[in-house]
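Report on the following structure.
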Amino acid sequence: MKITDLMIKETMIMNLQAVSREAAIDELIASLAASGRINDPVLFKEKILAREAQSSTGIGGGIAMPHAKTRAVNEATVVFAKSAAGVDFASLDEEPAKLFFMIAAPEGAGNMHLRTLAALSRLLIESEFIEALMDARTPDEVTALFDAKQAQAQAEAEAEAEAGPKAEENKASGAGATKQEAPERVIVGNPDSRGFVVAVTACPTGIAHTYMAEDALKKKAKEMGVNIRVETNGSEGAQNVLTSDEIARASGVIIAADKNVEMARFAGKPVLQRPVSDGIRKPEELITKALKGEAPVYRSGGRGGDEAPAEKSGSVGSKIYKDLMNGISHMLPFVVGGGILLAISFLFEQMAGADNPVFELLQSIGGGDGAFHFLIPVLAGFIAISIGDRPALMPGMVGGYMALNSNAGFLGGLAAGFLAGYVVIMLRKTFAGLPKTLDGLKPILLYPVFGLLITGGIMFYLFDPVFSWINEGMISALNNLGTGNAVLLGLVLGGMMAIDMGGPFNKAAYTFAIGVFTSSGNTNGLMMAAVMAGGMVPPLAIALATTFFKHKFSDPERKSGLTNYVLGLSFITEGAIPFAAADPMRVLTSCIVGSAVAGGLTQLWKLNVPAPHGGIFVAALSSNALLFILAVLIGSVISGLALGLWKKPLKTG
């Protein structure tokens, strides 16, 4: 399959007009929508922005590759665009992006398009090719360049593959995949030389950066005269998987990844862990360090995915946040699915009474006997697995289940997850001195037995009683909050939702509301009302400001502002992120004030929203739908007016 089968001429934009990142994204999406390649521009943009929030897809060198894989895509497509002036895309090298490749990948459409996208990513490493694209004037010239370059790359890959040993001979000799059927499986260089490293590349979506890092490492290794084998963990799973022989022969291991990869196989090797962007930008540095063994030696306790004590950036706080978010992200489907079914059940209870069979069914599926029964165990288990990986999952989930049954609640579940994770880390160190013949027993016997015993014992005698007392005290305090204190708490929670719009403050407020939401008491939906109202305000405020203060926003910004009506009503706070990134002082300050007001009003009016997500679409489930909508509207108007009046008019001429 050729790259130009996806990069159709009708979608190409040879003179991109956008001057900001979001405007560029909007212009590219508009081209996709006009050609019928996507069916839901709003959902597609939401996915694009979510990927940008993880890390910029402006990879440097004047290239940006925003991408998303979603049901909003009808047919796999790559939109090519050029900007003469360049766009600030928050690129890794802080330079403006001039070439754009928006990748739209459909869900469940096979792997052929992913192979083509991988090939595209590899071609964009070459500076001469990029210069040729910049000089192209028409879609026909772009198509011709890609067809010629892909044919050349294919010929070179086949020649390189032909020069290597046959795949079957490798398998028979136990040498592994020094050369396999696919050209990219060939070791770059001479497999018998002493300079040999192995690498794994992976990015969250597995569409572009995974393969760009792979190709950058392979090209730089070839320039340096170093042999390298690169495994990719992309959307279609692990490809070119490293063999035990290759790992054993390697001087060092490079992990250029933004997601977890299988790590136990690297035990005893120097392992260098870096973001996938470093694989693209700093391949020479990574290869040099791996060759010299300038990385901590990885120690494994027989786990399937240990974290190497390799180079990692970030504070202790960021590590805790990452572990917490791993638990919450896996718990959220249970919260949202179960919570909304429960909320709907309340409508049937009001209409037909508690004996209504539909009410009983929804309560059973969503409530304590169904989805909600798993909230705390899943939370604890996946916090534990983020810290101690697979051996920590079982003791973490059991600890969470013990917290659930002892009424230690959400806080007890948090404690159980962190406890189980660090207990397993302690066990790995404790059993590190055992003979290697016992390594196989560690994950199937020693870690499960001792991990469960220690975690369960501490939970039973210490954490469950302590956190049960704290949880019951917190619920009692919330149930007895005076109006003034309740409003103050609502102000704080609502304001936190707008501080970083999806970041740690936002997640902390939402996590607190979930903790209350999943606990007993009549306050279940009160805190949820505050955070939902606070989270809806920022995108709605942006929409209002761009509508009523048009002279202060560019045309692309005004068009983008319209989509924020939908995002805000849907409780998708992230819709305001591009505006906040472009003008943080005015946007964030204005939105925090309005979100705080909205959150405070929900508590002043004692509003209850018995659903953890949905925005306007679950407003009817509120104890007073009109007042909830009014709280959101008041907060949005305050923020919209503040932003519109504060923002300076656009310069003309």
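Over segment 8-47, what lengths in whole Å, largest first, do the semi-axes of the equivalent ellipsoid take, defined as the square roots of 5 times the eigenvalues of the alpha-carbon gyration tensor? All intermediate terms of the calculation are to be shown ahead of the outcome.
On the way: eigenvalues 52, 44, 6 Å².
Output for segment 8-47: semi-axes of 16, 15, 5 Å.
Taking the Cβ of Gly515 as the centre, find all other residues whose Cβ is under 15 Å away and add up their charges (Lys, Arg: +1; Asp, Glu: -1).
0
Which percent of the accessible heavy-atom area of segment 371-412 goes to carbon and sulfur, probe 1.4 angstrom?
That fraction is 72 percent.
Under a crude label model (7 Å from the Cα following the beta-carbon direction), how far is Glu285 from Leu347 in nanometres?
5.4 nm
Give a residue-ordered list of calculated ³J(HN,Hα) values for segment 607-614 (Karplus: 6.51 cos²θ - 1.76 cosθ + 1.60, θ = phi - 60°; whole Hz; x for Gly, Pro).
So the J values, rounded to whole Hz, are 7, 10, 10, x, 9, x, 6, x.
Where does each of Arg281, Arg299 land when they are ordered by accessible area, with a 1.4 Å probe and the largest first? Mind dumping the intermediate values first?
Details: Arg281 115, Arg299 165 Å².
The ranking, largest first, comes out as Arg299, Arg281.
What residues have an amide H closer than 5 Å to that of Gly252, excluding those fewer than 5 places away on the same chain, when H is modeled at 1.01 Å from N in the peptide plane?
For Gly252, the qualifying residues are Val198.
Run the simple label-point estimate for His551 and Val358 please: 7 Å along Cα→C-beta, distance reported in nm.
Computed distance between label sites His551 and Val358 equals 5.3 nm.
So, R0 is 51 Å and r is the distance between the beta-carbons of Glu10 and Phe460; what FRET efficiency does that work out to, to 0.05?
Values: r = 65 Å, r/R0 = 1.28.
Once rounded, the FRET efficiency stands at 0.20.
Give me the distance in nm between label points sitting 7 Å out from Cα along the Cα-to-Cβ direction at Leu630 and His330, one decimal.
For the pair Leu630/His330, the computed spacing is 4.4 nm.
Suppose the chain between Leu488 and Val297 were pulled fully straight at 0.36 nm per residue; how much longer would it get relative to their current alpha carbon spacing? Write down the numbers at each step before the final one.
Values: separation 191, 0.36 × 191 = 68.76 nm, distance 5.05 nm.
Gain on extension, Leu488 to Val297, equals 63.7 nm.
Would you list, by chain and number, the lysines whose Cα falls below 26 Å from the Cα of Lys552, excluding same-chain residues fewer than 8 positions away?
Here the lysines satisfying the reach criterion relative to Lys552 are Lys45, Lys98, Lys647, Lys648, Lys651.
Ignoring any ligand, DNA or RNA, what whole percent of the accessible area of segment 23-100 comes from carbon and sulfur when the probe is 1.4 angstrom? If you can, show how the numbers build up before the last one.
On the way: 1220 of 2610 Å².
With neighbouring chains kept in place, the figure for segment 23-100 is 47 percent.
May I have the extent of the alpha carbons of segment 9-105 along their three principal axes, as whole Å values ordered from largest to smallest?
Between the extreme Cα coordinates on each principal axis of segment 9-105 lie 33, 28, 17 Å.
Counting heavy atoms of the protein chains only and a 1.4 Å probe, report the per residue accessible area for segment 12-150 as a whole number of Å².
38 Å²
Could you order Ser636, Ser55 by accessible surface area, starting with the largest, using a probe radius of 1.4 Å?
On the way: Ser636 5, Ser55 40 Å².
Solvent-accessible surface, decreasing: Ser55, Ser636.
Mind checking the full-extension length gain between Glu107 and Leu453? Use 0.36 nm per residue of separation minus the Cα-Cα distance, one decimal, nm.
Numbers: separation 346, 0.36 × 346 = 124.56 nm, distance 4.24 nm.
That works out to 120.3 nm of additional length.
Give me the net charge for the shell around Gly644: Cβ to Cβ below 13 angstrom, other residues only, Lys and Arg +1, Asp and Glu -1. It would help to have the intermediate numbers written out before the result.
Numbers: positive: Lys550, Lys552, Arg558, Arg586, Lys647, Lys648; negative: Glu557, Asp583.
Result for the neighbourhood of Gly644: +4.
Just how large is the dipole of segment 1-157 about the Cα centre, in debye to the nearest 20, putting +1 at every Lys and Arg Cβ and -1 at every Asp and Glu Cβ? Don't skip to the answer; put the middle values down first.
Details: 15 positive and 22 negative charges, 93 e Å.
So the dipole magnitude of segment 1-157 works out to roughly 440 debye.
Tabulate in residue order the Karplus-calculated ³J(HN,Hα) for segment 270-284, using 6.51 cos²θ - 1.76 cosθ + 1.60 with θ = phi - 60°, rounded to whole Hz; enter x for Gly and Pro.
x, 10, 9, 9, 9, x, 4, 4, 5, x, 7, 8, 10, x, 5
Holding the Cα-Cα limit at 29 Å, pick out from Lys9/Lys550; Lys82/Lys559; Lys69/Lys550; Lys9/Lys559 the pairs that are longer than that.
Details: Lys9/Lys550 33 Å; Lys82/Lys559 20 Å; Lys69/Lys550 33 Å; Lys9/Lys559 25 Å.
Cα-Cα > 29 Å for Lys9/Lys550; Lys69/Lys550; rest within.
The values are calculated or read from the model by the stated rules, or taken from the named source; none is laboratory data. The model shown is predicted, which means the values in this text are computed figures rather than measured ones. Please note: Cβ atoms are built from the backbone with ideal geometry, for glycine as well, and neighbour counts cover all protein chains shown. To get the accessible areas, we keep the full protein, side chains included, count just its heavy atoms, and leave off ligands, DNA and RNA. Shrake-Rupley method; radii C 1.70, N 1.55, O 1.52, S 1.80 Å.
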